[in-house]
Amino acid sequence: MSNPHNPSDPDQTVSQLGQSLAQSAESGRALVEGMSVFAKDESLRFVNLRLERNGAALDKLQNCHGIPGLIGVQQEWLRDFLQDYSSQSMRLMGTLRGLTKNVIESAAENAADSIDRMQHQTSDAMHQAEDAIHHAQDMGYQAVQQTGEQIGNIVPDPNNNYIQH
């Protein structure tokens, strides 16, 4: 029979473990969802930026004069291209660093909570075992005392038969 108020109850321990796993799964789901939304939004932002830059470069190509103008537009486009991709890489790395930090902190917090809970459960179980041992010792002492009293009441009669008074 399980006692819902007993912290060392195996059913409760399994239930708490299940809850911890459910929390971890929910955290993982939320993380993946957040990363997906971020990746989609960031990809759309970046594609729109590059489309605008490419459109501006095409407009400039229509109005440039001669080879020097063409080379100038190409250099400007290449500079913007490299700058945009470098900025995007830095932006993604910063976001991933932040996500990783949050995940590690959350995992450490969950692990610390689980360890604390297990330590309390172990401590409670140890106290219960100590109480049971003390109770068994008390019962043993009482049994010895009662047996001693009963032996003290046994005396031999004149026929060397032992009788209890």
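From (1) at pLDDT below 95; (2) open to solvent by 80 Å² or more (accessible area, probe 1.4 Å), pick out the condition that doesn't hold for Gly69.
Of everything listed in (1) at pLDDT below 95; (2) open to solvent by 80 Å² or more (accessible area, probe 1.4 Å), Gly69 misses just condition (2).
Consider Asn110 carefully, then state whether it is of a type in the set (S, T, N, Q) and either touching a strand residue (DSSP E or B) at 6+ places or on another chain (Cβ under 6 Å) or surrounded by 11 or more Cβ atoms within 10 Å (Cβ to Cβ) (or both). Write out each step before concluding.
Numbers: of a type in the set (S, T, N, Q): yes; either touching a strand residue (DSSP E or B) at 6+ places or on another chain (Cβ under 6 Å) or surrounded by 11 or more Cβ atoms within 10 Å (Cβ to Cβ) (or both): yes.
Against the criterion (of a type in the set (S, T, N, Q) and either touching a strand residue (DSSP E or B) at 6+ places or on another chain (Cβ under 6 Å) or surrounded by 11 or more Cβ atoms within 10 Å (Cβ to Cβ) (or both)), Asn110 qualifies.
Residue under question is Ile115, and the condition is that it be open to solvent by 60 Å² or more (accessible area, probe 1.4 Å), without any contact (Cβ under 8 Å) to a residue 12 or more places away in the chain and within 30 Å of Pro10 (Cβ to Cβ); does it hold?
In short, yes.
Restricted to the stretch 38-54, and to residues that are among the aliphatic types (A, V, I, L, M) and surrounded by 12 or more Cβ atoms within 10 Å (Cβ to Cβ), which residue is farthest from Ser87 (Cα to Cα)?
Filtering first and then ranking leaves Ala39.
So which of Ser15, Ser36, Ser89 is within 21 Å of Met118 (Cα to Cα), of a type in the set (Ser, Thr, Tyr) and in a helix (DSSP H, G or I)?
Result: Ser15 is the single residue among Ser15, Ser36, Ser89 that is within 21 Å of Met118 (Cα to Cα), of a type in the set (Ser, Thr, Tyr) and in a helix (DSSP H, G or I).
Does Gln62 satisfy the condition of being open to solvent by 60 Å² or more (accessible area, probe 1.4 Å) and assigned to a helix (DSSP H, G or I)?
yes
Among the residues of the stretch 74-84, is there at least one that is touching a Phe, Trp or Tyr at 6+ places or on another chain (Cβ under 9 Å) and over 30 Å from Ala129 (Cβ atoms)?
To start, the set of residues in the stretch 74-84 that are touching a Phe, Trp or Tyr at 6+ places or on another chain (Cβ under 9 Å) comprises 84.
If we keep only those that are over 30 Å from Ala129 (Cβ atoms) as well, we get 84.
Within the stretch 74-84 (the criterion being touching a Phe, Trp or Tyr at 6+ places or on another chain (Cβ under 9 Å) and over 30 Å from Ala129 (Cβ atoms)), the answer is yes, since at least one residue qualifies.
With (1) in contact (Cβ under 8 Å) with a residue 40 or more places away in the chain; (2) over 30 Å from Leu17 (Cα atoms); (3) open to solvent by less than 90 Å² (accessible area, probe 1.4 Å) as the list, and Gln128 as the residue in question, which single condition is left unmet?
With respect to (1) in contact (Cβ under 8 Å) with a residue 40 or more places away in the chain; (2) over 30 Å from Leu17 (Cα atoms); (3) open to solvent by less than 90 Å² (accessible area, probe 1.4 Å), Gln128 is out only on (2).
Examine the stretch 134-146 for a residue that is of a type in the set (A, V, I, L, M), surrounded by 10 or more Cβ atoms within 10 Å (Cβ to Cβ) and at pLDDT below 85, and state whether such a residue exists.
The answer is yes; a qualifying residue exists.
Do we find that Met1 is at pLDDT below 85 and open to solvent by 60 Å² or more (accessible area, probe 1.4 Å) in this structure?
yes
The values are calculated or read from the model by the stated rules, or taken from the named source; none is laboratory data. Fair warning: this is a prediction, and the values are worked out from it, not measured in the lab. Cβ: placed from backbone, ideal geometry, glycine included. Neighbour counts: every protein chain shown. Note: areas computed on protein heavy atoms with side chains; ligands, DNA, RNA excluded. Shrake-Rupley method; radii C 1.70, N 1.55, O 1.52, S 1.80 Å.
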